[in-house]
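Reviewing the structure listed below.
The values are calculated or read from the model by the stated rules, or taken from the named source; none is laboratory data. The model shown is predicted, which means the values in this text are computed figures rather than measured ones. All Cβ positions, glycine included, derive from the backbone under ideal geometry; neighbour counts span all protein chains shown.
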Amino acid sequence: MSSVVEKIESLRNALHEHNHRYYVLDQPTISDYRFDQMLRELQQLEKDYPEFNDQNSPTQRVGGGVTKSFETIAHRFPMYSLSNTYSREELELWEERLQKILGPEAVITYSCELKFDGVSVSLTYENGALIKALTRGDGAQGDAITTNVKTIHTIPLKLKGDYPPFFEIRGEIILPREGFNKMNEERAAKGEPLYMNPRNTASGTLKLQDSSLVAKRPLNCFLYALAGDQLPVNSQFQALGKARLWGFKVPKSAKLVTSINEVFEFIKYWDEKRKSLPYEIDGIVVKVNRFDQQHKLGFTAKAPRWAMAYKYQAERVATILKDVQYQVGRTGAITPVAQLDPIIISGTTVKRASLHNADQIEKLNLRIGDRVFVEKGGEIIPKITAIDSSNRGLEEAKVTFITNCLECGSVLERESGEAQHYCKNETECAPQKIGKIQHFIGRKAMDIEGLGEETVALLYQEGLLNSIADLYRLEKDQILPLERMADKSVSNLIKGIEKSKEKPFAKVLFGLGIRYVGETIAKKLSKRFKSIHALKQASLEHLIETNDIGERIAKSLVNYFSDPINQLTISRLESYGLQLNEVETEQNYHSAYIGKRFVISGVFDQFSREELKKEIESFGGIILSSVSPKTDYLIAGNDMGPSKKIKANQHNVPILNEFEYLILKG
Ligand code: AMP
Ligand code: ZN
């Protein structure tokens, strides 16, 4: 028996350590494959010997626990907010106030840190184990989100080094831009409305009941403050250093400075640099470094006197709201879009802003003719953040959300719990029909060369295209007479359509545009069911039993296949020779890649970064985000960041340009 305990313990320790190396240090020393093997071995042992259960085992990271309701618990130390400012003058006045309280002789140093734009969290550790995670709540009490937090890889479940027996640590849970964009791409591919911004999405994720869903979201956590009665440090900067040694992710961007002037240099530096950070920050936090000075300064009712947030001004421009239009998506989701008097924000002309949904319009209490403030933050689509109350449109011009689809007249529906209105008239509503064909030909689906979205719309209007199956019946002579159609381009179009018949089953399945069936789900379904016939015949129960297929997706599939129009489309696609069966492909490892660590920087002419990443991973390589001595190759595209290049040179990491990369690939 004791050997089992030892085995379990040694696996747990090794996995904690490798998790730390991979996620916190970004310097893995074993392959993903080996890591998964060890994790699986541990999972099996824990299943066989439940008596050795550990709430902080690395297996907790995959989630599984469900939080029915989030318990509200008082904070041992209140979580204050921060006083904030937008100006240099106010920061200088703040220093004067500090000096007055601490005495003119006092030498003040400051810890300058990034103000991460996420959700704050307080973590409690007892004897080196994470025992509790609370949201900020109202500052006095927060909600326990412990089970969900355990799935975040950068939060240690077990600490290392000389940590105190009991303490709290505070930080910010964030969703990096890339992960956020990916989630939105998947939403778009599934025809679902997009998430508004990374912060709200992170916050919503932490309140999901099913922690295995949380585990799938690429959340990250940066730590920035210790709280406790007897901390083994006497300054903020030391605290950051210690936390790092105990295993927390503490960004190296924090800087200790000795004057307000240097604080300003830091602010200026990051104002520019923040645009290239992989996550969003909304300012800088300046903290008096020494704890004895912090103690003397104390707190106001709301915030510490010893800290100040300097917030970056999001570029905000005023303009007039001319109209609100409504777009109908491929799945019938209605998105209101504000039409604006054109303005320039951060160098680009903005004429439209997303209003997301009916609630958003109601909240802003919009009227046509309002003078509105438009911001372009981290999100790509600009948004209206406020209206100028001294410059309102007429009361009778109040914007009320439409009740009927402007395209087909159907009454719009809104399901309970959903923010979005839908037009359910899938088979007659023109934008939905066009949208479905556009989705089918899209890059991630059939990727038909020579055919673009506008041409699809044109062919629809001309009566040549009414469903995706019609594509395969198109003839050159039908298209040539249309406006702007040249002989060569029409030949290419026909060739592209012909070629698409070779696309694998998973792409076709994704292309069908079944609600909730995104790229990943389509791949899983094609692997699992192997053919459209098997999938069509699967019962609701059978579908739900399939890994990763929840009830929502299963219902949507059954619904889709039971519709006679869809059945017809599928049998037509089959008769035209599309791939409706899965053909097994072998894993194609490449000897030059196996276990090698790659960092990618910049953009490339012949492939996207995403494609390159996929290729490297499929060949058995490992992708890392920053250069270290252990990096094997830096693949350098155009406009590569200078810091990566400097680091690569420092550590003698070979730098390959696009051309050299192709040679490596052979
Ligand atoms: P505010 O929400 O504007 O009052 O700002 C206070 C919040 O900033 C805190 O509750 C933290 O969640 C967040 N924050 C982000 N980065 C830091 C940091 N480096 N130090 C302290 N607070 C931070
Ligand atoms: Zn409609």
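Numbers for the structure displayed
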| item | result |
| --- | --- |
| Region 396-420 residues that are part of a strand (DSSP E or B), paired with ones that are within 16 Å of ligand 2 (Cβ to nearest atom) and of a type in the set (S, T, N, Q) (beta carbon under 9 Å, 6 or more apart) | Asn404/Ser410; Val411/Thr403; Val411/Asn404 |
| Selection count where residues are within 35 Å of the chain's Cα centre (by Cα) and of a type in the set (Val, Ile, Thr), scope region 459-506 | 2 |
| Residue that is polar (S, T, N, Q) and under 30 Å from Ile381 (Cβ atoms), where the choices are Ser235, Ser259, Ser276 | Ser276 |
| Selected residue (only one of Leu93, Leu123, Leu114, Leu134 is over 22 Å from Leu231 (Cβ atoms) and either within 16 Å of ligand 1 (Cβ to nearest atom) or assigned to a loop (DSSP other than H, G, I, E, B) (or both)) | Leu114 |
| Residues of region 551-575 satisfying the condition of being surrounded by 12 or more Cβ atoms within 10 Å (Cβ to Cβ), out of contact with any Lys or Arg (no Cβ under 8 Å at 6 or more places or on another chain) and among the aliphatic types (A, V, I, L, M) | Ile553, Ala554, Leu557, Val558, Leu568, Leu573 |
| Given (1) charged (D, E, K, R); (2) within 25 Å of the chain's Cα centre (by Cα); (3) in a loop (DSSP other than H, G, I, E, B), index of the condition Lys613 fails | (3) |
| Top-ranked residue of region 394-429 - restricted to ones that are over 30 Å from Tyr460 (Cα atoms) and small (Gly, Ala, Ser), ranked as modelled with the lowest pLDDT | Gly417 |
| So Arg414, is it within 16 Å of ligand 2 (Cβ to nearest atom) and surrounded by fewer than 19 Cβ atoms within 10 Å (Cβ to Cβ) | yes |
| Residue pairs meeting the criteria (Cβ under 6 Å; at least 6 apart or on separate chains; first within 17 Å of Gly63 (Cα to Cα), in region 197-211; second of a type in the set (S, T, N, Q)) | Leu206/Asn148; Gln209/Thr67; Ser211/Thr147; Ser211/Asn148; Ser211/Thr151 |
| Unmet criterion (only one of (1) without any contact (Cβ under 8 Å) to a residue 60 or more places away in the chain; (2) more than 13 Å from Ile441 (Cα to Cα); (3) out of contact with any helix residue (DSSP H, G or I) (no Cβ under 8 Å at 6 or more places or on another chain)) for Gly496 | (2) |
| Any hit, region 624-639, residues being surrounded by 14 or more Cβ atoms within 10 Å (Cβ to Cβ), assigned to a strand (DSSP E or B) and not hydrophobic (A, V, I, L, M, F, W, C) | yes |
| Enumerated helices (runs of 4 or more DSSP H) restricted to region 428-516, each holding at least 2 residues that are more than 30 Å from Tyr326 (Cα to Cα) | 476-479, 487-499, 505-511 |
